[in-house]
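I have placed the structure first, in the form of structure tokens, so that the comments after it can refer back to it.
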4 protein chains.
Amino acid sequence: MKNSFGQKFCVTTFGESHGRCVGAVIDGCPAGLPITESDVQREVDRRRPGHVPGATARAEEDKVEILSGVFRGQTTGAPILMLVWNRDVDSSQYERIRLTPRPGHADYTAYIKYGGFNDFRGGGRFSGRITVTFVMAGAVAKKLLARAGVEILGHTVEIGGIQAERKAIEEIKRNAETNPLKCADPVATLEMIRAIEAARAEGDSIGGIVEGIALDMPAGIGEPVFDTLEGELAKALFAVPAVKGVEFGAGFDAAKKRGSENNDNYAVRDGRIVALTNNAGGILGGISNGMPIAVRVAFKPTPSISREQKTVNLAAMENTTLSVKGRHDACIVPRAVPVIEAVMAMTLCDFALRAGLIPELLK
Amino acid sequence: MKNSFGQKFCVTTFGESHGRCVGAVIDGCPAGLPITESDVQREVDRRRPGHVPGATARAEEDKVEILSGVFRGQTTGAPILMLVWNRDVDSSQYERIRLTPRPGHADYTAYIKYGGFNDFRGGGRFSGRITVTFVMAGAVAKKLLARAGVEILGHTVEIGGIQAERKAIEEIKRNAETNPLKCADPVATLEMIRAIEAARAEGDSIGGIVEGIALDMPAGIGEPVFDTLEGELAKALFAVPAVKGVEFGAGFDAAKKRGSENNDNYAVRDGRIVALTNNAGGILGGISNGMPIAVRVAFKPTPSISREQKTVNLAAMENTTLSVKGRHDACIVPRAVPVIEAVMAMTLCDFALRAGLIPELLK
Amino acid sequence: MKNSFGQKFCVTTFGESHGRCVGAVIDGCPAGLPITESDVQREVDRRRPGHVPGATARAEEDKVEILSGVFRGQTTGAPILMLVWNRDVDSSQYERIRLTPRPGHADYTAYIKYGGFNDFRGGGRFSGRITVTFVMAGAVAKKLLARAGVEILGHTVEIGGIQAERKAIEEIKRNAETNPLKCADPVATLEMIRAIEAARAEGDSIGGIVEGIALDMPAGIGEPVFDTLEGELAKALFAVPAVKGVEFGAGFDAAKKRGSENNDNYAVRDGRIVALTNNAGGILGGISNGMPIAVRVAFKPTPSISREQKTVNLAAMENTTLSVKGRHDACIVPRAVPVIEAVMAMTLCDFALRAGLIPELLK
Amino acid sequence: MKNSFGQKFCVTTFGESHGRCVGAVIDGCPAGLPITESDVQREVDRRRPGHVPGATARAEEDKVEILSGVFRGQTTGAPILMLVWNRDVDSSQYERIRLTPRPGHADYTAYIKYGGFNDFRGGGRFSGRITVTFVMAGAVAKKLLARAGVEILGHTVEIGGIQAERKAIEEIKRNAETNPLKCADPVATLEMIRAIEAARAEGDSIGGIVEGIALDMPAGIGEPVFDTLEGELAKALFAVPAVKGVEFGAGFDAAKKRGSENNDNYAVRDGRIVALTNNAGGILGGISNGMPIAVRVAFKPTPSISREQKTVNLAAMENTTLSVKGRHDACIVPRAVPVIEAVMAMTLCDFALRAGLIPELLK
């Protein structure tokens, strides 16, 4: 079940970058949820390159079709098949580089694993295009989580080493969605754009960090010792291409702290127990503590660069060089924001269903 | 199956810190592996406090017993039940603090999740003691991986913000095991020890970072898009108490880099394809590329500190304060090294079995 | 994962009888298997009503489309999406009977489970039409099993109480495929046809028994104690609508026998160990013994009959009567033969992959 | 996870007939259930040979120990480890017959699968003794199901071809438990006892059929298309040694019926919908309909007989003969009754938890 994720809200993805379609089957969505193709389309559109600085020129319409599991505008309890057809496909250059794996890409590992049978065009299953399927599933998950009062939020917090200033939740909500880099800090945004443009001008790319936040997840959710909130979220997040690190709350910074600094003290506020800080990122012992769940996800620079790189010819077993042409993002971080949100939504929706937070049947 | 991990090499853990025992059932170990209680004991002993600076005074003998699945010194293919009995248990102070959750611990989240029915003594299922069960399972996994030529290595790379110098694999192998902090850099070790002792003297604790390395994993292992090497390793690693971040290869540093710096170029060396750098940590597209698999794991400072902290009384719903007494580690990082190795071994052994790298039957 | 089956060869089904399509995603098919839409079409065509006595008048073209996971005629290792579009749909009568559940159908249980949100048209997910998706997956599974030398065979052994004479494997192979009832006994076939026609004439239906056989499965396959050959096969077979009983080898007859009659004695023949009889149906302790795997599957009479039946009005909570109109099979047993074969193939293919009988990569 | 069953109420079994212990880990039991070793002991005692006609002379005390997951008499939400130690073990004769597999036993298939490494003493993992672990888990499951008002009942309905008269539920409850064969029909019982004694006198054994019934399971439980009630129950039941057939409601008899006979008509009774007959065995479309769930389980005669049988010598690859000595049941059917109940309870408890019928936390 390598292409499936989730125990109760189970998402199975399929499709290749330059194949006929990419899509997902959602199994386990409760019956009775109103959902339309437009609901899903809205999330998918947030991921499209549009006018995002640094984004690819590939212009897919990405029109969502729901082919099963929805009847008269509501989920039926049966598996939901959703897909978008691939149309703007240009596979011309891939044949040429088939045997010269692009550094930083999965070309070489896929070649070894699948014995050369994998659909290498456009990266196949390893393309960022696959994340459309996460976004589709996440759209449904977000609607379900809303039933439990849980909201998911994502924003860019770092690009090319330039860090956004830490903002309050309300400011992130207000700023990130309309910001061209999905960053809540407009000042840092300008600097980030310059960094992206500089990289692009040099035929290069840059990475960054996205923060995902889940608001109002009740305390008590998570299934230790193995199915922890952190563990399941991390597993799902590493399915997103180019992710190389995941940390919760203070994360790697916590490793530098004293216990007295890092422990989040408790207090009673308005009859509810709250933590006075959130170094835990809303999770203790793998279980939510009622504070915002905060995860930071490190993206490596997208490996497709036009600068010359050293590689090998797999057939001749000889050294060679390569310069990747094609329509690529110089920085995929802003487009990854809705993807991270979607993956968080899928995962937390699964936990919410397991815990009975969302009923099996919606009326 | 929240307390089970793995698809083919499946580990189910059980037991509480102050209950009768802690242990694991391993299901899916191929028949024909020679294994003795001493083999497992050796790994468990590596995790014992011993003379590690900063370690607890709890002195468990931790004598491993294998109660099923091994016959005449070899695995039978049936589930292997292994456990250690708890003996040196002092539960006296826990009743007192039962309703005043320790900041940074899972006390509060467990109380909410299990409605107060959880065995809170010594942290119950959320105690570091549970990691004995990972180490037991990891001992078997390491023996299996050795059949596929894969070796697992762990070492301390940072404590309290003090970073060890980066060392070659051979130096790590030579130094880490005998170093009191399982650190390959003897110079940094001295500074780390001072930092631990300073924290302890102030009734405080400090965190750190452990690096785990898998050597000689062949290229082509991993099951994208969801069952990636990174995803499964991360999920398993977050089961270790106090872990708050996981990164592979350059990890969060990659987010600051250009593609041209971060992409690992390829070359042919002695008829084999190698990457000239290892920013990918041995993994591309969720699949191994034949380079060392390198993961860095951030540990928060252990939350048990004797300094006074703010908390609440769960029954009275009132603010109060707490100072944690008892036998605690000021820094658990060195003792976590064999645990990280074990968790890596469990996970990679599962992948190796899924991929047919280790046969179903050993002869 | 209620609509998914299999650990390594994992089939996820979707679609409704009168929705847009029915199909399946296969995850875990090794890369390198040559497969075309025609290969799958051939099996799907075997299930079509055609000239089978007792079959429905619904005439679906059932044209198979493969939308992902196959590239240049070979599997890639990625998920394979296959579907057929629904075209000849007549949903007119279902609205009328929506609130009067048909006896023997899943109308009532689905209504309760899904709160009335399920797509009830044509039985929705509970229609026999769903079995097209099993047949599609089974077509791939059969091709994989052929790599391991395993062949799957099905035939009708009883209809309406009329039993076919027990035939040798070779005779079953020769007769069943061309027989209109997929029965190897041409004499019993005539009687069965009369029974079906009599039932149809009276607006009634009849049931029967299908036998599935797997030839040349090597000894040693099966994963006790829970993932036994019998257990997994039975679970999968009960997913086929109208199945009410499953037995292996002598099955329920074994319950009447003495041990001395039922035990299959062993002998050495041509240097191989064989059982002299096959009351075990090729399975002992949940593991194959090298003899043909033989399972008998009981089908109840299809519940759609035009004779008047007592039912209730779910809205009014009143007694009422119902006579089911529409295009229905008087006996679905012959059409179930390729379905049983497909389900056996899916299940045994999963076991074969788990056991390493079929490699992860086909070259 | 071959030795684990269940998604939310997950049972992992371990141990061998002549090893140190047999037991189970239950993961997923809600916190707050009062449970004592005596509760479990009571069920385990029902399975002991006692004075059951036809039972083995092996006299195990079978004293249940709960080693984790229960604290102050209540479940904690953590994994529950339960076991009984093996004491009355006589392995003397097994070495002698190690290489001459007993016909009808798993000796040969286990030898092939595990390469001779399996613990063959007393049948190892394939011994009926393993069913103690099901009964332990079932004891907990029954207590949980009682919270949802569901009751499980088992009784012997056929031995050696002698069929018990069909009795009303109340009569089964009244008679079966105290009947020496756990049969509700005292007249048939006498005949069955004679049949067992005749078989034993001739060094032979006989089989039979057990019926399991679940009362008051609400309508709407089951997870089609694959995780049907029938499918999951059948899978679990085939884990019980010697089971060769499973049928629900009319089962194989339904295959002989007309639809008009077999369809259970509906009526409103006291404001509730009921089926006027129960040929469906309480299940339609894989989902409960509110009627009693009724399953019949065929047991082959126990293969251990003292009559001479033909077998082979695995080392010499020669024909030979064998007469099985030792302490064996001439008929295991009566002892299987609590086992069938336990397996039904485990399975239905898992469904009840998945459906939210039993809360995640008991207060």
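Looking only at residues that are surrounded by 24 or more Cβ atoms within 10 Å (Cβ to Cβ) and touching a Ser or Thr at 6+ places or on another chain (Cβ under 7 Å) in segment D:123-133, which one is nearest to B:Gly69 (Cα to Cα)? The qualifying residue nearest to B:Gly69 (Cα to Cα) is D:Gly124.
Scanning segment B:270-289 for residues that are within 9 Å of chain A (Cβ to nearest Cβ), out of contact with any Gly (no Cβ under 8 Å at 6 or more places or on another chain) and not hydrophobic (A, V, I, L, M, F, W, C) yields a single hit, B:Gly271. A residue that is over 30 Å from C:Asn265 (Cα atoms), surrounded by fewer than 24 Cβ atoms within 10 Å (Cβ to Cβ) and either within 11 Å of another protein chain (Cβ to nearest Cβ) or of a type in the set (Phe, Trp, Tyr) (or both) occurs nowhere in segment C:330-341. Scanning segment A:290-299 finds one or more residues that are farther than 30 Å from A:Arg272 by Cβ and facing chain B (nearest Cβ under 10 Å).
Going by the structure shown, is D:Cys10 touching a strand residue (DSSP E or B) at 6+ places or on another chain (Cβ under 9 Å), at pLDDT 95 or above, on the phi < 0 side of the Ramachandran plot and more than 14 Å from chain C (Cβ to nearest Cβ)? The answer is no for D:Cys10.
A Cβ distance below 9 Å, combined with a sequence gap of six or more or placement on separate chains, defines the contacts here; from segment D:306-323, residues that are more than 22 Å from C:Gly259 (Cβ to Cβ) reach residues that are modelled with pLDDT under 95 and crowded, with 16+ Cβ neighbours inside 10 Å in the pairs D:Ala315/D:Leu99; D:Ala316/D:Leu99. Can we say C:Gly259 is under 28 Å from C:Ile358 (Cβ atoms), crowded, with 24+ Cβ neighbours inside 10 Å and facing chain D (nearest Cβ under 7 Å)? Here the answer is no, as C:Gly259 does not meet what is asked. Screening B:Val210 against (1) more than 7 Å from chain A (Cβ to nearest Cβ); (2) part of a strand (DSSP E or B); (3) under 27 Å from A:Met1 (Cβ atoms) leaves a single unmet condition, (3). In this structure, does C:Gly285 turn out to be more than 26 Å from C:Ile162 (Cα to Cα), small (Gly, Ala, Ser) and within 29 Å of the chain's Cα centre (by Cα)? Judged against the criteria, C:Gly285 is a match. For B:Ala78, the stated conditions hold: it is at pLDDT 90 or above and among the small types (Gly, Ala, Ser).
The residues of segment C:295-329 that are assigned to a loop (DSSP other than H, G, I, E, B), surrounded by fewer than 22 Cβ atoms within 10 Å (Cβ to Cβ) and among the polar types (S, T, N, Q), listed by number, are C:Ser306, C:Ser323.
Does segment A:156-177 contain any residue that is under 29 Å from A:Asp27 (Cα atoms) and either within 19 Å of the chain's Cα centre (by Cα) or of a type outside the set (S, T, N, Q) (or both)?
no
If you go through segment B:88-96 one residue at a time, do you hit one that is out of contact with any Pro (no Cβ under 8 Å at 6 or more places or on another chain), among the hydroxyl-bearing types (Ser, Thr, Tyr) and at pLDDT 95 or above? No: zero hits. Here B:Leu362 does not qualify as within 12 Å of another protein chain (Cβ to nearest Cβ), under 25 Å from B:Met217 (Cα atoms), surrounded by 21 or more Cβ atoms within 10 Å (Cβ to Cβ) and over 18 Å from the mean Cα position of the chain (by Cα).
Number of residues in segment C:307-332 that are touching a Leu at 6+ places or on another chain (Cβ under 7 Å) and under 30 Å from C:Glu247 (Cβ atoms) equals 1.
From the list A:Gly231, A:Gly281, the lone residue that is part of a helix (DSSP H, G or I), crowded, with 24+ Cβ neighbours inside 10 Å, at pLDDT 95 or above and out of contact with any Cys (no Cβ under 7 Å at 6 or more places or on another chain) is A:Gly231.
On the given criteria, is D:Asn313 at the interface with another protein chain (Cβ under 7 Å from one of its Cβ atoms) and farther than 27 Å from C:Asp253 by Cβ?
no
Being crowded, with 22+ Cβ neighbours inside 10 Å and within 12 Å of chain A (Cβ to nearest Cβ) is the requirement here; does B:Gly15 meet it? Criteria met by B:Gly15.
Can you name every residue in segment A:110-143 that is facing another protein chain (nearest Cβ under 7 Å) and more than 30 Å from A:Glu43 (Cβ to Cβ)? Scanning segment A:110-143 gives A:Ile112, A:Lys113, A:Tyr114, A:Gly115, A:Phe117.
Yes/no per residue for (1) assigned to a helix (DSSP H, G or I); (2) in contact with a Gly (Cβ under 8 Å, 6 or more places away or on another chain); (3) within 14 Å of chain A (Cβ to nearest Cβ); (4) among the hydroxyl-bearing types (Ser, Thr, Tyr):
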position: B:Leu153; (1), (2), (3), (4): no, yes, no, no
position: B:Lys173; (1), (2), (3), (4): yes, no, no, no
position: B:Val187; (1), (2), (3), (4): yes, no, no, no
position: B:Ala198; (1), (2), (3), (4): yes, no, yes, no
position: B:Ala236; (1), (2), (3), (4): yes, yes, yes, no
position: B:Glu247; (1), (2), (3), (4): no, yes, yes, no
position: B:Ala255; (1), (2), (3), (4): yes, yes, yes, no
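The values are calculated or read from the model by the stated rules, or taken from the named source; none is laboratory data. Note that the structure is predicted; figures quoted are calculated from it, not measured. With ideal geometry, Cβ positions are generated from the backbone for all residues, glycine too; neighbour counts draw on all protein chains shown.
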